[in-house]
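A short reminder: the numbers here are calculations on the coordinates, not readings from a lab. Remember, it's a predicted structure, so these values are computed and weren't measured experimentally. So basically every Cβ, Gly included, is an ideal-geometry build from the backbone, and we count neighbours across all protein chains shown.
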Amino acid sequence: MRFNILKRFYAIVFLTLVVIISAGLLSLTYSLTAEQIKLRQHEQFLGYLAEMFPEMTNFEYNDELYYVYDGALLLGYAFTAGKAGYSGDINIMVGLSDKETVKGVLIISQTETPGIGTRILEEPFISQFAGMNVNDLKLRSEGGQADTITGATVSSKAVIEAISQAAVEKLAGINGQDE
Amino acid sequence: MQLVAAIFLVALIGLLCGLAIYIVYIRVPHKVPGLGKIDEINKLLPGMNCGACGYAGCFAFAQEVSRNPQMASQASCPMLLGNDEVIKQLEIALGVSIDTESMNRKAMLHCKGNSENLFDYSGSQSCKAASLLAGGFKRCPYACLGLGDCIHACKYHAISIDKNRGIAVIDYVKCTGCALCVRECPQNLISMVSGRSKVSYRCNYTEIRVIPGRERCDNGCIHCRKCFAACKYDAIVWNKEKAIPEFDSARCTLCGECLTVCPTGTLEFFQPAELIPSQKP
Amino acid sequence: MGKWFKEFAKGLVVSNPIFVLALGLCPSLAVTNSLDNALGMSAAVIFVLLCSNVLVALIRTWVASIVRIPVFIVIIATFVTMVSLTFEAYVPALYESLGIYLPLIVVNCIILGRAEAFASRNRLSLAVADALGMGLGFMLALIIIAVIRETLGSGSLSLFEHVLFSLPVLKEQPVSLFLLPAGAFLVIGLLLAAFRRMGLIKNE
Amino acid sequence: MSNILTIFVGMALINNFVLVKFLGLCPFFGVSKKLSNAASMGLAVTFVMFLASAVTWPITHYILAPLEAEFMSTVTYILVIATLVQIMELFIMRTNYGLYSAFGIYLALITTNCAVLGVTLVNARESFSFIESLASALGAGAGFALVLVIMSGIRERLGMSDIPKSMKGLPVAFLVAALLGLAFSGFSGMV
């Protein structure tokens, strides 16, 4: 009788066994690669930060805001912004030379349609932000200075909105922190 | 530590899934009422789902037959024709005797395809579409257009196109009498005849709709009745309303007299070549 | 030995997964807009296809038939997630560009198709042959499509960041249709017709 | 309420699963020869997508998220989908054998359908609420069925038309898909 029960429930036992083994294997690989991924992401970010502030020697980081220093001199601030574009998330890094003016904008990762969406990386669009006043960081139609790329409206609009939203939050942080 | 909990929970999901499949596998009523019998009959049937018997596939036919068994004898299921032992098993299963005579049928095409094209048709390659265009592109409005609607319908690949005459040719041996092609032909050129018929009347022209500029081809029957007069075994009966000969396959001896005497060559042997005595060398 | 090679060669041209079986189209259309992506994706598919065919062939006698499909698909999903984790850790650039299509290799019809149709019914060595054949056939097809799409779509063909060649006129105004999904359909359709015309693949 | 509608329309038309997101192409070419098959396949896939989203949402939010085991989401989702399809197959086979034989191989094909797993992954990535993920599943299913029916209508018509020998069948289906893809990319600006 006992064997019969095992025989009948064999299918369930087998499936559960396979699931346990696969879940175990996965957790193993996950724990192996987890800090590697974090390290990789951090490294990548540092690279972008250095690109934004070439003379940076060290930086402080608290509540998602980077304070960039050259020795003791405060060079500026930097923060990340992210929004869903046409076919995936777009992550952006925004650098401020001081509380008002934008130093520059860098696209960290995007999976837009190559040739169309990827034009947000190219010259006219990406460099328009440098030197722009912080509260102009809105669409031209909404009273700001930033304009989208014809033909890639979804992607470029996503970038501008991401920057403007993040700027508003972070500036509140900086001003609040100064007072 | 959290990973171990995650593994445990995912394993739990796996267990639940396995359990769900198992329960459905056991609890859902294994047998649709009477499925056993239907399954048994279904196994005997060819499983081609050709629809010749008029039902949506062999399983539906099995359901119908298991409900009223006498219906089986007029069933035009082609595969049952050939092998007798399947019919015997079916008779046992249904508890009724099936006479196979009424089952043995073949498809016959009533056209020799000798009428030339009136215009060069390059539209949709289907007889139904072509026949909508002023009754087709052939001089004779009843002629076979040779675009193969019947070929697509035939599940036994018994019909092919005769390239030089441009008409369909039905292979006597492969044809299982499933009658699927009859519905497909827009010119209703194909009719089901008994498997034993010897001579075929290869013309479909009737005076019902006379269209100016359109007439029968050289092989069209001119209703001269010579074949009726020439037949020594009076195997031909003259149908007065339609004015066409009808053949009694029991009396016909395949002597070929009517074929030679017919001025337009409308008649042809229907049996495969090797069965026709007069054509042997 | 002959049988092994026949199974292997079958996957390359005669029953090429993309052109003949029309399986595994989802990733192949999306990632063939650049040669690097295509190579990355085919490497991942070959690895997963090989491992899953081997494992499926090994356990085919023990697996209970009711749970056959869930078990196979869990095995494939495990391999794919491992591949995607390692890619994310060690080859992030490729991981970014493959995007959602990397986890979708799990439901890539070739892998479960071969596991279900072939590996679970043949012995190990044939399963390996089939996996390699199908994998290389997939890679071959992906490379051909990627070369055409990238050259026409972006005017130049680059392999791992160094440009192989670039077409003079197309460099300025590339035909960006080919980078769009519709372009991928076009390329595969015309290629398939060309292969049939050349007699490589038999007509329907 | 309007948010759910935008998600439904968004999934059905704007980022239609087959022609914009490129998921579920294998059955798309395999099944679209006959209109009746395409319609029943579309229905079956929508049903499985709905059930799958309903089941995977609690798993994501109450099991995977709190334990930060997102990397296991693919395995668990595909396990749930395979089980659902298996149960549906057993259920249909037992109760309505005629429909089962009509479906034939296509039922098993749903498991390997990238669109179904795609829906669950998108639901997780967009972190929809329960109702929203059901709406997105229905939208994706409706989009899939819509495109499948359009494609099979065209392919049946093409079956009879005068096409060069080497283009017949699959190649012409790809070209039709290309044109449909372009047409559907026209929706992209709507939402």
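Please report the relative contact order for segment B:105-279, taking Cα pairs under 8 Å with a sequence separation of at least 6, and give it as a percent rounded to a whole number.
Values: 314 pairs, mean separation 41.1, N = 175.
Once divided by the residue count of segment B:105-279, the mean separation gives 24 percent.
Considering amide H positions built from the backbone, and no H for Pro or chain starts, which residues 5 or more places from C:Leu21, or on another chain, come under 5 Å of its amide H?
Residues meeting the criterion, in which the H sits 1.01 Å from N, are C:Asn16.
Cα-Cα over 23 Å: which of B:Lys138/B:Lys163; B:Lys128/D:Lys165; A:Lys103/A:Lys157; A:Lys38/A:Lys138?
A:Lys38/A:Lys138
From the phi angles alone, apply the Karplus equation (6.51, -1.76, 1.60; θ = phi - 60°) to segment C:147-159 and give each ³J(HN,Hα) in whole Hz, x where the residue is Gly or Pro.
Per-residue couplings from phi come out as 4, 5, 5, 6, 4, 6, x, 10, x, 8, 10, 10, 10 Hz.
Read phi for every residue in segment D:29-35 and hand back ³J(HN,Hα) as whole Hz from Karplus 6.51 cos²θ - 1.76 cosθ + 1.60, θ = phi - 60°, with x for Gly and Pro.
8, x, 9, 7, 7, 10, 4
Tell me which aspartates and glutamates have Cα within less than 12 Å of D:Lys34's Cα, excluding those fewer than 8 residues away on the same chain?
Filter leaves D:Glu156.
Could you derive backbone 3J(HN,Hα) for segment A:93-101 from the dihedral phi with the Karplus parameters 6.51, -1.76 and 1.60 (θ = phi - 60°), listing whole Hz in sequence and x where the residue is Gly or Pro?
Result, ordered by residue: 10, 10, x, 10, 6, 8, 4, 9, 9 Hz.
Please label the shape of segment B:105-279 as rounded, prolate or oblate, based on the square roots a ≥ b ≥ c of the eigenvalues of the alpha-carbon gyration tensor (a/c under 1.5 means rounded; beyond that, a/b larger than b/c means prolate, else oblate).
It comes out oblate by the Cα gyration axes.
Tell me, what is the percent relative contact order of chain C, built from C-alpha pairs under 8 Å that lie six or more residues apart?
33 percent
Whole-Å semi-axes of segment C:2-197's equivalent ellipsoid, largest first, each the root of 5 times a Cα gyration tensor eigenvalue?
Taking √(5λ) for each Cα gyration eigenvalue gives 32, 19, 13 Å.
For segment C:73-97, list residues with backbone N below 18 Å from a point placed 7 Å from the Cα of A:Gln36 toward its Cβ?
Answer for this model: C:78-97.
Scan around B:Lys138 for amide H atoms under 5 Å from its own, H built in the peptide plane at 1.01 Å from N, and keep only partners 5 or more places away or cross-chain.
Amide H to amide H, under 5 Å and 5 or more residues apart or across chains, B:Lys138 pairs with B:Leu118.
Among A:Met52, C:Met1, D:Met72, what is the fewest-to-most ranking by other Cβ atoms within 10 Å?
The fewest-first ordering by Cβ neighbours comes to C:Met1, A:Met52, D:Met72.
Using amide H atoms built 1.01 Å from N in the peptide plane, name the residues 5+ places from C:Ser158, or on other chains, whose amide H lies under 5 Å from its own.
C:Leu35, C:Leu164
What's the center-to-center distance, using Cα atoms, between segment B:175-231 and segment C:150-204 in Å?
55 Å
Which aspartates and glutamates does B:Lys232 reach when only Cα atoms under 14 Å apart count, and residues fewer than 8 places away in its own chain are ignored?
The qualifying aspartates and glutamates are B:Asp248, B:Glu257.
Among the lysines, which fall within straight-line cross-link reach of B:Lys242, defined as a Cα-Cα distance under 21 Å, with same-chain neighbours fewer than 8 residues apart omitted?
Straight-line reach from B:Lys242, under 21 Å: B:Lys112, B:Lys198, B:Lys226.
Order of C:Ile143, C:Ile73, B:Ile92 from fewest to most other C-beta atoms within 10 Å?
B:Ile92, C:Ile143, C:Ile73
How high is the relative contact order of segment D:1-134, in percent, counting Cα pairs under 8 Å that sit 6 or more residues apart?
For segment D:1-134, the relative contact order is 37 percent.
Restricting the calculation to Cα positions, tell me the Rg (one decimal) and the Dmax (whole number) of the protein assembly as shown in Å.
Rg then Dmax for the protein assembly as shown, in Å: 34.4, 126.
As a quick test, which of the pairs B:Lys174/C:Lys202; B:Lys88/C:Lys202; C:Lys3/D:Lys21 have an alpha carbon distance above 31 angstrom in this structure?
Numbers: B:Lys174/C:Lys202 26 Å; B:Lys88/C:Lys202 43 Å; C:Lys3/D:Lys21 40 Å.
Result: B:Lys88/C:Lys202; C:Lys3/D:Lys21 exceed 31 Å.
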